[in-house]
Amino acid sequence: MTAPPSDKRLARYITIFAAFISLTIAVVVPGAYFWAGHQRETVRAHAKGRYIATQLSELVARNPDYWHFEHARVLALVVRQQDAEAPALHRVLDAFRTPIAEDPVAIAWPHLTVSDPVYDTREIAGAVRTTVSLRKVVVETALAGGGALTLALAGFFALRTLPLRAMNKALERAARLASHDMLTNLPNRVLFHARMQQALALARRQPSSVAVLCLDLDHFKDVNDTLGHAAGDKLLAQVATRLASEVRETDTVARLGGDEFAILQVGAEQPSDAEALARRLIETLSQPFDLDGHSAVIGTSIGIAIEHRSGGDPGRLLREADLALYKAKEEGRGTFNFFETGLNERLMERKQLEHDLRQALQLDQFRLHYQPLVEFHSVTGATVVLGAEALIRWHHPVRGTVRPDLFIPIAETTGLIAPLGDWILREACREAATWSGERMVAVNVSPVQFRQSDFIRKVEAALEISGLAPGRLQLEVTEGIMLTDTDETLATLARLRELGVSLAMDDFGTGYSSLGYLRRFRFDKIKIDQSFVRHLGQDIDADAIVRAVVGMSRAMRIRVSAEGVESAEQAELLRLEGCDELQGFLFGKPMPPEAFGQMLDQPERRGELPAMV
């Protein structure tokens with residue numbers, strides 16, 4: 001990778017700075033050492049010369065006119081000051097700079113000479129010149145200079161190389177951060193797009209196919225909402241590891257954002273190799289993930305786009321794979337789909353539906369329908385209406401009635417499920433308060449809604465405003481909220497129970513089922529999912545599961561309800577097994593509140609449906 005001009009300029013500045021510091025060390029250190037040695041020798045020379053000059057000044061004071069003729073005495077004074085270890089040459093001069101006496105001592109070059117005056121009272125009568133050798137200072141300075149030069153070279157290397165190396169590492173890290181996802185260490189969208197461009201350019205030179213697979217994790221939001229974002233991050237990291245283990249070295253696995261991944265497959269036989277890879281990925285991601293002791297089961301939906309033509313566009317290829325992904329999710333998730341013409345129109349339709357959904361709450365386009373909940377009369381065997389489950393319906397002014405399976409997933413992915421759930425709670429309580437008798441209303445609560453900090457207050461407000469008795473409200477939650485098993489979750493459930501609200505575990509056995517959840521918190525009711533009820537009398541495994549759930553519930557003194565009852569045979573089998581409550585098309589489809597109220601008010605039925613045989 002070629003460094004940008006700004007980085008080259010910074011490297012040049014670092015080099016100049018390192019050279020300046022190193023040159024300063026190489027020059028200043030020996031210079032300072034020589035100056036210090038020179039000063040030391042100057043002081044030593046002056047000390048010796050001044051001593052001799054002082055002695056001579058006394059001699060001059062005794063014999064001012066003839067002292068310079070006393071050569072022997074003067075020389076004796078000079079000789080007495082010699083130091084064998086640090087010899088010095090002393091020369092005595094008169095006032096006219098004429099030599100009087102000199103100690104014949106050999107002094108090694110280079111020399112340092114200082115002069116100290118000899119006084120006759122206050123007048124200068126002569127001088128003592130002291131010469132010392134600077135060879136030791138020069139040698140020591142040379143040694144210090146060698147050390148300084150070594151230090152300067154080392155400093156230049158350190159000041160230039162280390163910062164440049166740190167800068168290069170920082171640039172490499174910045175480049176990696178710009179091209180890789182920090183959580184999974186996979187290439188990000190930018191690098192994936194670049195790899196696609198390279199693959200398509202190579203395909204133009206060597207005709208071959210390029211496949212792009214877009215993956216979206218199924219039910220990832222449930223794990224994030226129930227176990228928390230830390231567990232969600234661990235799940236994404238494990239997903240990345242599994243994906244990387246299923247592809248070849250020539251392929252590229254990338255995280256595009258959130259729970260969306262992409263794979264670039266090159267040099268393969270298409271579409272067979274892309275289909276085989278998609279099947280392997282669906283299989284490996286359907287296996288449970290261990291998240292700090294919690295077993296999470298997700299899955300994936302995959303969209304595939306293949307470029308057979310030369311000159312393909314990376315952006316278009318990725319959009320086509322994304323469109324195929326939406327098609328796969330619409331078909332029920334946990335599957336894959338190839339791009340085909342016309343998918344773009346479907347995506348635009350989904351985007352428009354999302355836009356309409358955001359406006360629907362403001363425009364009051366939602367209504368609640370109610371499906372009867374019944375139980376068997378202990379004496380007559382007839383089915384008695386206990387209440388109803390509130391089910392949302394959307395009547396669009398142009399689209400007409402929009403099915404919940406179309407807009408509920410969009411509400412979950414866009415975060416609209418929370419305000420939508422709050423509206424359902426308020427509206428269900430308001431309408432149930434008008435029903436005759438003490439019949440209850442069941443309201444589904446999403447994990448996102450349940451974990452709102454003010455959820456308890458919202459339940460209290462809905463009951464207070466509507467005037468509905470707390471015992472007539474049943475909140476249905478899925479097993480997912482128990483995944484966290486935190487004090488906050490258990491405290492919320494306990495607080496709801498203190499309010500007098502009934503709590504039911506919905507879709508028991510379809511998600512993160514564990515009997516330990518029922519031991520941690522005793523729900524008032526368990527609802528058997530319709531996927532088990534649908535095969536009653538036809539599948540011995542379904543019969544065994546229903547029998548086990550009913551038996552366990554009776555042993556724990558928990559009421560059990562079965563949903564999705566569509567035939568008299570299913571109802572009879574459930575009655576014989578001891579199921580407490582039933583719900584399904586056999587007893588009534590979801591109906592508007594007016595129709596449900598009229599059904600309850602019919603005097604001839606008194607809330608009872610015909611006995612079943």
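The values are calculated or read from the model by the stated rules, or taken from the named source; none is laboratory data. Here the structure is a predicted model, which is why all the values come from computation and not from measurement. Methodologically, a virtual Cβ is constructed for each residue, glycine included, from the backbone with ideal geometry; neighbour enumeration extends over all protein chains shown. Protein only, heavy atoms only, side chains kept; ligands, DNA and RNA dropped before computing areas. Shrake-Rupley method; radii C 1.70, N 1.55, O 1.52, S 1.80 Å.
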Q. What net charge is computed for the residues neighbouring residue 356, neighbours being all others with C-beta under 13 Å from the C-beta of residue 356, Lys and Arg scored +1, Asp and Glu -1?
A. +2
**Q.** Mean ellipticity per residue at 222 nm, deg cm²/dmol - from DSSP H runs of n ≥ 4 across the chain, formula -39500 (n - 2.57)
**A.** -16500 deg cm²/dmol
Q.
Taking only the Cα atoms of segment 258-327, how large is their convex hull per residue, in Å³?
A. 106 Å³
Q. Rounded to the nearest whole Å², what accessible area per residue is found for the chain with the 1.4 Å probe?
A. 51 Å²
Q: Taking every Cα atom in segment 109-170, find the radius of gyration and the maximum pairwise distance Dmax, and write them in Å.
A: 24.6, 77
Q. Under the Karplus relation 6.51 cos²θ - 1.76 cosθ + 1.60, θ = phi - 60°, what is the ordered set of whole-Hz ³J(HN,Hα) values for segment 180-190, x standing for Gly and Pro?
A. 10, 8, 5, 6, 9, 6, 8, x, 9, 4, 4
Q: Lys and Arg at +1, Asp and Glu at -1: add these up for the other residues within a Cβ distance under 13 Å of residue 456 and post the number.
A: -1
Q | Directionally averaged shadow of the chain, computed from the convex hull of its alpha-carbon atoms, nm² | A | 52.7 nm²
Q: Can you check what the Kirkwood hydrodynamic radius comes to for segment 220-345, Cα pairs only, in Å to one decimal?
A: 15.4 Å
Q: Please determine, in degrees from 0 to 90 and to the nearest 10, the orientation of helix 404-414 with respect to the longest principal axis defined by the Cα atoms of the chain, where the helix direction is its Cα long axis.
A: 20 degrees
Q: Taking a cut-off of 19 Å between Cα atoms, list the lysines near residue 525, but don't count ones fewer than 8 places away on the same chain.
A: none
Q) Whats the longest run of the chain with zero GluC sites (Glu not before Pro) that are DSSP loop and have at most 13 other Cβ atoms within 10 Å? A) 439-603
Q) Once label points are set 7 Å from the Cα along Cα→Cβ at both residue 123 and residue 601, what is their separation, rounded to one decimal in nm? A) 14.6 nm
(Q) To test your reading of the geometry: what angle, between 0 and 90 degrees and rounded to tens, separates the Cα axis of helix 5-62 from the longest principal axis of the chain? (A) 30 degrees
Q: Extending each Cα 7 Å along its Cβ direction at residue 229 and residue 9, get the distance between those two points in nm, one decimal.
A: 3.8 nm
Q: Go from 0 up to the bin containing the longest alpha carbon distance in segment 84-138, width 5 Å each, and give me the % of pairs per bin.
A: 5, 20, 25, 20, 14, 10, 6, 1
Q. For the chain, which whole-number percentage of the solvent-accessible area (1.4 Å probe, protein heavy atoms only) is attributable to carbon and sulfur atoms?
A. 56 percent
Q) Rounded to a whole number of µm²/s, how large is the Stokes-Einstein D of segment 352-435 at 37 °C and 0.692 mPa s, given Rh as the Kirkwood radius over C-alpha pairs? A) 227 µm²/s
Q.
Could you work out the relative contact order of segment 367-507? I mean the mean sequence separation of Cα pairs under 8 Å and 6+ apart, divided by the number of residues, in percent.
A. 19 percent
**Q.** Relative frequency of Cα-Cα separations exceeding 21 Å in segment 151-244, percent
**A.** 59 percent
**Q.** Neighbour count of at most 10 Cβ within 10 Å plus DSSP loop: longest chymotrypsin sites (Phe, Trp or Tyr not before Pro)-free window in the chain
**A.** 97-613
Q | Rounded, prolate or oblate (a/c below 1.5 giving rounded, otherwise prolate when a/b exceeds b/c) for segment 384-475 by Cα gyration tensor | A | oblate
Q.
For segment 256-309 and segment 562-589, what is the centre-to-centre distance using only Cα atoms, to the nearest Å?
A. 39 Å
Q: Report the label-to-label distance for residue 499 and residue 260 in nanometres (one decimal), using points 7 Å from each Cα along the Cα→Cβ vector.
A: 3.7 nm
Q: Take the cross-link list 234/458; 221/351; 234/351; 527/589 and give me the ones stretching past 23 Å between alpha-carbons.
A: 234/458; 234/351
Q) What is the local net charge at residue 301, summed over the other residues whose Cβ is closer than 12 Å to its Cβ (Lys, Arg +1; Asp, Glu -1)? A) -4
**Q.** Inverse of mean 1/r across different Cα pairs in segment 512-601, Kirkwood, Å
**A.** 14.1 Å
Q) In degrees, nearest 10, range 0 to 90: what is the angle between the Cα axis of helix 568-577 and the longest Cα principal axis of the chain? A) 70 degrees
